Amino acid sequence: MRPVVISPEPLVRLGPVVITKTVATTWLIMALITLACWFAKKGLALTEKTKASWLRDGMEAMLEAVEKMVKEVLPDTDPWLVVPVIGTLWILIGASNLAGLIPELNTPTADINTTLAFAALSYSMTHFFGIKTRGLKGYISHYVRPSWVLLPFHLIAETTRTMALAVRLFGNMLSGEMIAAIVLGIAGLLVPIPFAMLHIIIGLIQAYIFGVLTLVFIAGGAQEEA
Amino acid sequence: MRFDFWTFSFQVINFIVLLFILKGLLYKPVREMIEKRRELSRKMVEDAETMKKEALSMKEAQEREMKTIQDTKEELVERAREEAEGERKRLMLDAQKGAQALIEKERALFETEKRRAGEELNDAAARLVETFAVSLLKSISPEEVHKSIWRNLYKEAGQIAKGIPAAQGPSGSSSAQVELAVRTAWPIGESELEKFIGTLQPLVPGVRLLAMEVPDKDLIAGVSIKAGDKVYDFSLAGQIEAFAGKLKAGRKISDEK
């Protein structure tokens, strides 16, 4: 039974810099994503069916779905300003969620530091697009509307929703890993397969939820209040 | 579970790095391809719309052309019908004129033939009458008729005298002599002839009359006296011939009327 570690495991120490297993796995995932995208890009130049065409078609379908969703949420904004952020979140979180299925690799999103980093990025992007769309003054002013009294509540709401974003993903992934480890330890080799399937579905759904919530937060920050 | 600054920082950096990698490798080419495909699709739709409009335009033009052709056809047919009708009327008129001319010509020919046949009939009738009369008169006693004519001849002496040429010329010429040739159907006799000359002589003073009897049975009865270039026919044959001539002349006059 593989132990479930909820604290980051140091892999390499370079002076004060500690490279954990989570970071190393993320790099591996990034390398695989880059490779896949390189193949997909190569496939984009080809009109006929190739071995890479399924990858190209999959990437296209996913990005068109993101574009469509962004258009629905932000109809007055160029969707391709937001699509890369949401797309990268989906791809990286989705791949990270599924990485735990490969032996000897852990799930980076089962590390609270990873989900906190993604939540922090989501939080930053919300402010970035809010300021870009409405201007600094216009964006900040929404914190004091309709009254100054609501400012702390706005700040608390934004902090808690960001924390909720991080904890939700972390909790789901960690619980999935723990269930898989427990079932594997108790029932043997074949029994955890349904749980693994469930883990895949949960992983993809969580990635989707994270991306959609980020998009909703960005839209909320970018759009004027009625 | 504890917060690890380096892991947190690396993950933030990892995300940003991956974002830029994917921008170059995925988002930009996919976006370009999607835009290109949409542009191509839009262009195809526009082309299809343009072709549809062109097809509609061509269809309308063709319909207009067909209508024009139909109108022209109807106009030509109508014109041809009118021309045919005009030609038919003209031909009918010509035919009527021709027929009328033919009828007139035939009528004229008929009238001519009718007139000629009438004339021939009249001539035949006159000849028949003449022949009949001659035969009839020959069969009865023409001598009596001859004598009767001779007796009446004395009454015509004045008229005969007027016809004697010398009598109309300047008088006083005692040497003027006129010979009268008296053709007769029956013998007159010298005494009777001298008696007649004796009756006639006082009517033509200055002219000495001489009479010569010439027998001519064709006269049937009566006499025919020739004085100079004039002939005074008192014969029955001459009367019949005159009657026949009058018969013909009378018919001609009635025809002319």
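Number of residues in region B:18-28 that are facing another protein chain (nearest Cβ under 7 Å) and modelled with pLDDT of 90 or more: the value is 5. The test for being under 30 Å from A:His142 (Cα atoms), touching a Lys or Arg at 6+ places or on another chain (Cβ under 8 Å) and not charged (D, E, K, R) holds for A:Ile209. Among the residues of region B:5-15, which ones are more than 7 Å from every other protein chain (Cβ to nearest Cβ) and either within 15 Å of A:Ile29 (Cβ to Cβ) or of a type in the set (Asp, Glu) (or both)? Residue satisfying the conditions is B:Ile13 alone.
The set of residues from region A:64-98 being away from every other protein chain (no Cβ under 13 Å), part of a helix (DSSP H, G or I) and among the hydrophobic types (A, V, I, L, M, F, W, C) comprises A:Met69, A:Val73, A:Leu98.
Mind checking whether some residue in region B:38-50 is surrounded by fewer than 10 Cβ atoms within 10 Å (Cβ to Cβ) and either under 28 Å from A:Leu28 (Cα atoms) or at pLDDT 90 or above (or both)? Within region B:38-50 (the criterion being surrounded by fewer than 10 Cβ atoms within 10 Å (Cβ to Cβ) and either under 28 Å from A:Leu28 (Cα atoms) or at pLDDT 90 or above (or both)), the answer is no, since none of the residues qualifies.
For region B:206-231, which residues satisfy the criterion of being surrounded by fewer than 19 Cβ atoms within 10 Å (Cβ to Cβ) and closer than 14 Å to B:Ala157 by Cβ?
The answer is B:Ala211, and nothing else.
Inspect region B:42-51 for any residue being more than 60 Å from the chain's Cα centre (by Cα), more than 10 Å from chain A (Cβ to nearest Cβ) and among the β-branched types (Val, Ile, Thr) and give the result as yes or no. Checked against the condition, which is being more than 60 Å from the chain's Cα centre (by Cα), more than 10 Å from chain A (Cβ to nearest Cβ) and among the β-branched types (Val, Ile, Thr), region B:42-51 yields at least one hit. Going by the conditions given, is A:Thr109 surrounded by fewer than 20 Cβ atoms within 10 Å (Cβ to Cβ) and modelled with pLDDT of 90 or more? Here the answer is no, as A:Thr109 does not meet what is asked. Among the residues of region A:100-126, count how many are farther than 17 Å from A:Phe210 by Cα and either more than 14 Å from chain B (Cβ to nearest Cβ) or not polar (S, T, N, Q) (or both). Residues meeting the conditions: 6. None of B:Arg116, B:Arg31, B:Arg2 is among the basic types (Lys, Arg) and more than 14 Å from every other protein chain (Cβ to nearest Cβ) except B:Arg116. Checked against the criterion of being modelled with pLDDT under 85, buried (at least 18 other Cβ atoms within 10 Å of the Cβ) and within 11 Å of chain B (Cβ to nearest Cβ), region A:25-35 contains not a single residue that satisfies it.
The values are calculated or read from the model by the stated rules, or taken from the named source; none is laboratory data. Predicted model, so just to flag it, every value in this text is computed and none were measured. In this analysis, Cβ positions are derived from the backbone assuming ideal geometry, glycine residues included, and neighbour counts consider all displayed protein chains.
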